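Some notes on the structure that comes next.
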Amino acid sequence: MSNLSEQGNRKQDCPNKRECFEMLQLILDGEATPKQKDTFLNQHLEECMPCYRNYHLEVAIRQLLRTKCNHSAPQDLVEDIKRKVAQNLAR
Amino acid sequence: MEEEVIRQQYSEREKLNIFNQEFMPHINSMYNFAYRLTLDADDAKDLLQDTYLKAFRFIDSFQQGTNAKAWLFRILKNSFINDYRKKSKEPSKVDYQEVETFYNSDDVDRQITPDLRVEALQDMIGDEISIALNSLDVDFRTVIILCDLEGFKYEEMAKILDIPIGTVRSRLHRARNLLKEKLSEYARKMGYKNA
């Protein structure tokens with residue numbers, strides 16, 4: 001990521017808000033091409049303050065989801081399921 | 001959606017191998033999904049168990065080496081709809097016609113710049129995001145889970161959910177905005193001013 005200060009040389013307004021927003025989602029969803037990623041992340045984000053902010057916001061939300069919204073299966077349930085399947089086979 | 005299913009004829013040992021090596025590794029993700037669908041720990045356990053037993057019963061429909069996770073998630077989602085969704089007190093289905101055209105509406109500009117700051121998110125150390133996610137309609141929280149938590153691609157999600165890719169994307173778009181609105185509410189309650 002860039003070492004520029006937050007403001008740096010970034011413009012305060014984005015002329016392609018809608019397209020940029022779509023592109024951001026495509027990138028974070030793993031659906032963008034390497035070229036699209038490069039252009040957006042390494043070029044556009046360096047020049048555009050709203051997109052830079054949105055990028056960090058979207059990343060932060062996903063991180064929050066991953067850390068806070070992941071439950072593991074209870075171990076006794078896992079054992080139960082394995083056992084039932086083994087029993088199924090034994091029949 | 002009926003697909004041409006190539007039925008395998010696995011030996012018992014092969015079945016057990018597939019089950020242990022290709023199905024069991026996804027059990028935590030599957031439990032998480034079951035829990036987010038049912039919002040009830042007991043129902044989640046039942047749903048998970050039903051799904052895995054079903055997966056074993058129909059293991060001959062699974063082609064070894066293909067995407068087991070997507071296959072399993074599809075079974076789970078169908079089991080949920082058939083056996084558990086009736087139980088829930090969800091309001092009637094969202095109008096998806098409205099959702100499909102969302103990308104083109106003038107509201108998009110307003111939605112793009114949410115009232116939310118990264119700092120506020122970093123301070124959400126409790127259950128705020130979990131509660132916010134659970135408050136969404138089941139179809140909206142489903143797409144967020146499949147995409148953001150489980151890393152499925154749009155095409156995989158389309159197959160799991162039996163909907164067109166365009167619907168996957170517009171549903172994601174709407175779901176994310178709803179989630180952000182909820183998070184903005186929390187941020188305001190926590191004392192953060194507008195971004």
*asked:* Quick check on the range A:25-36: of everything there that is surrounded by 15 or more Cβ atoms within 10 Å (Cβ to Cβ) and assigned to a helix (DSSP H, G or I), which residue is farthest from the other protein chains (Cβ to nearest Cβ)?
replied: A:Ile27
*Quick one: which residue in A:Asp29, A:Asp38 is among the acidic types (Asp, Glu) and under 30 Å from B:Met24 (Cβ atoms)?*
A:Asp29
_Please determine whether any residue of the range A:52-70 is over 30 Å from B:Asp60 (Cβ atoms), at the interface with chain B (Cβ under 7 Å from one of its Cβ atoms) and outside any helix (DSSP H, G or I)._
yes
*Here is a list of conditions, (1) buried (at least 20 other Cβ atoms within 10 Å of the Cβ); (2) touching a Ser or Thr at 6+ places or on another chain (Cβ under 7 Å); (3) at pLDDT 95 or above, and B:Leu116 meets all of them except one; can you say which number that is?*
(3)
*asked:* Please count how many residues of the range B:163-189 are aromatic (Phe, Trp, Tyr) and either at pLDDT 95 or above or in contact with a Lys or Arg (Cβ under 8 Å, 6 or more places away or on another chain) (or both).
replied: 0
*Wholly within the range B:116-165, which helices (runs of 4 or more DSSP H) include no fewer than the required count, namely at least 3 residues that are of a type in the set (A, V, I, L, M, F, W, C) and at the interface with another protein chain (Cβ under 10 Å from one of its Cβ atoms)?*
B:118-122, B:128-135
*Complete set of residues in the range B:42-69 that are at the interface with chain A (Cβ under 9 Å from one of its Cβ atoms) and not in a helix (DSSP H, G or I)*: none
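The values are calculated or read from the model by the stated rules, or taken from the named source; none is laboratory data. Predicted, not measured: the structure shown is a model, and the values here were computed from it. Neighbour counts run over all protein chains shown; Cβ positions are idealised from the backbone, glycine included.
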